[in-house]
Amino acid sequence: MNAKKLAGEKALEYVKDGMVLGLGTGSTVYWTILGLGELVIKGLNIKGVATSKATEDLALKAGIPLVDISDVYEIDVTIDGADEVNPDLDLIKGGGGALLREKMVASVSRKLVIVADESKYSAHLGKFPLPVEVVPFGWQTTMKQISAKGCEPKLRMKNGIPMPTDNGNYILDCPFDKIEYPAALAFSLNMMPGVVETGLFVKMADTVILAGTSGEIQVKESAASTR
Ligand SMILES: O=C[C@H](O)[C@H](O)[C@H](O)COP(=O)(O)O
């Protein structure tokens with residue numbers, strides 16, 4: 001069975017008529033967006049806020065009406081994917097480079113629902129290299145500052161050039177291996193002037209839906225979400 005499809009479609013249970021929805025990015029939330037499109041055709045009245053240009057294109061093709069983040073006071077529910085989830089439901093995100101807009105959208109959402117296949121669940125964050133969005137100016141300097149925190153960052157490339165994010169920045173992929181204190185690491189990285197944002201989402205997820213290839217679905221609820 002397609003675990004991503006199972007998880008993505010399960011999240012449709014959190015959607016109600018009249019909601020403003022944050023639409024995440026990636027191959028798991030792809031299924032949520034297709035499902036939402038079908039519900040819209042059947043008469044569901046929702047508005048979406050896209051977290052990337054790719055999601056904007058997909059949502060428009062699916063027939064979902066979109067609004068800009070600046071045009072809403074708050075978002076009812078955001079549904080998004082993750083690259084890694086720990087038992088506290090802290091996350092690593094940004095494998096697709098959308099972490100900044102995803103975090104901005106999540107920060108104004110009353111509820112953040114994460115959809116993932118069960119391989120993303122891990123006792124410690126860090127197996128997946130942490131994406132950090134940095135400004136192009138002096139990116140090598142920022143990279144040195146991040147190295148001092150105990151990893152060897154790699155500049156993300158695409159077609160032979162640094163991959164630009166939707167915001168015109170670069171991504172440094174930072175293999176920390178094992179992140180003991182996600183909040184402390186996020187804070188220290190965010191203190192660096194060249195860092196725009198990190199893919200660490202600490203105490204942001206309210207619900208995580210994990211699906212396996214044999215069809216089982218686990219729904220984990222956070223006791224510690226700070227939003
Ligand atoms: O930048 C991308 C996002 O954070 C994605 O939500 C994350 O990489 C998970 O993507 P996928 O569902 O394709 O594994």
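Each value in this text was obtained by applying a stated rule to the coordinates, not by laboratory testing. It should be emphasised that the depicted structure is a prediction, and the values quoted were computed from it without experimental measurement. Glycine gets a Cβ as well: all are built from the backbone with ideal geometry, and neighbour counts include every protein chain shown.
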### Query
If you place +1 on the Cβ of every Lys and Arg, -1 on the Cβ of every Asp and Glu, and leave all else neutral, what size is the dipole of region 130-197 about its Cα centre, to the nearest 20 Debye?
180 debye
### Task
Could I have the simple spin-label model distance between ALA54 and GLU118, label points 7 Å from Cα toward Cβ, reported in nm to one decimal?
2.6 nm
### Message
Could you give each residue of region 95-111 its phi-based ³J(HN,Hα) in whole Hz, using Karplus coefficients 6.51, -1.76, 1.60 with θ = phi - 60°, and x for Gly or Pro?
### Response
x, x, x, 9, 4, 5, 5, 4, 6, 4, 5, 4, 5, 10, 9, 6, 8
### Folded to 0 to 90 degrees: helix 29-41 orientation relative to the chain principal axis, Cα
30 degrees
### Task
Sort ILE209, ILE69 so that the residue with the fewest other Cβ atoms within 10 Å of its own Cβ comes first and the one with the most comes last.
ILE69, ILE209
### Message
Looking only at region 78-167, where both bridge partners belong to it, what percent of the DSSP beta bridges are antiparallel (to the nearest 5)?
### Response
50 percent
### Task
May I ask you to derive the FRET efficiency for GLN140 and ASN190 from their Cβ-Cβ distance with R0 = 22 Å, giving the value to the nearest 0.05?
0.70
### Message
Can you return the lysines within cross-link range of LYS144? Criterion is Cα-Cα under 26 Å, with same-chain partners fewer than 8 residues away left out.
### Response
LYS93, LYS103, LYS127, LYS154, LYS158, LYS178
## Note on the structure
PRE zone check, label point 7 Å out along Cα-to-Cβ of ALA183, amide N under 19 Å, scope region 65-109, hits 85-93, 107-108
### Message
For a Förster distance of 35 Å, can you work out the FRET efficiency between the beta-carbons of ASN167 and LYS42, rounded to the nearest 0.05?
### Response
0.50
### Query
Which one of ALA148, PRO193, GLY160 is farthest out on the positive end of the charge dipole of region 130-197, using unit charges on Cβ (Lys, Arg +1; Asp, Glu -1) and the Cα centre as origin?
GLY160
### Task
State the Cα centre-to-centre distance between region 60-120 and region 1-31 in whole Å.
10 Å
### Query
Quick one: if the Förster radius is 22 Å, what FRET efficiency do ASN2 and LYS61 give, using the C-beta to C-beta distance and rounding to 0.05?
0.65
## Note on the structure
Taking TYR181, TYR121 and counting other beta carbon atoms within 10 angstrom, the fewest-first order is TYR181, TYR121
### Summary
Taking 0.36 nm per residue of separation between ASP88 and GLU74 and subtracting their Cα-Cα distance, the length gained on full extension comes to 2.6 nm
### Query
For the chain, what does -39500 (n - 2.57) per DSSP helix run (n ≥ 4), summed and divided by total residues, give at 222 nm, in deg cm²/dmol to the nearest 500?
-7500 deg cm²/dmol
### Task
With a ≥ b ≥ c taken as the square roots of the eigenvalues of the C-alpha gyration tensor of region 1-142, please select rounded if a/c is under 1.5 and otherwise prolate if a/b is larger than b/c or oblate if it is not?
oblate
### Query
VAL219 to LYS16: extension gain in nm, 0.36 nm per residue of separation minus the Cα-Cα distance?
71.2 nm
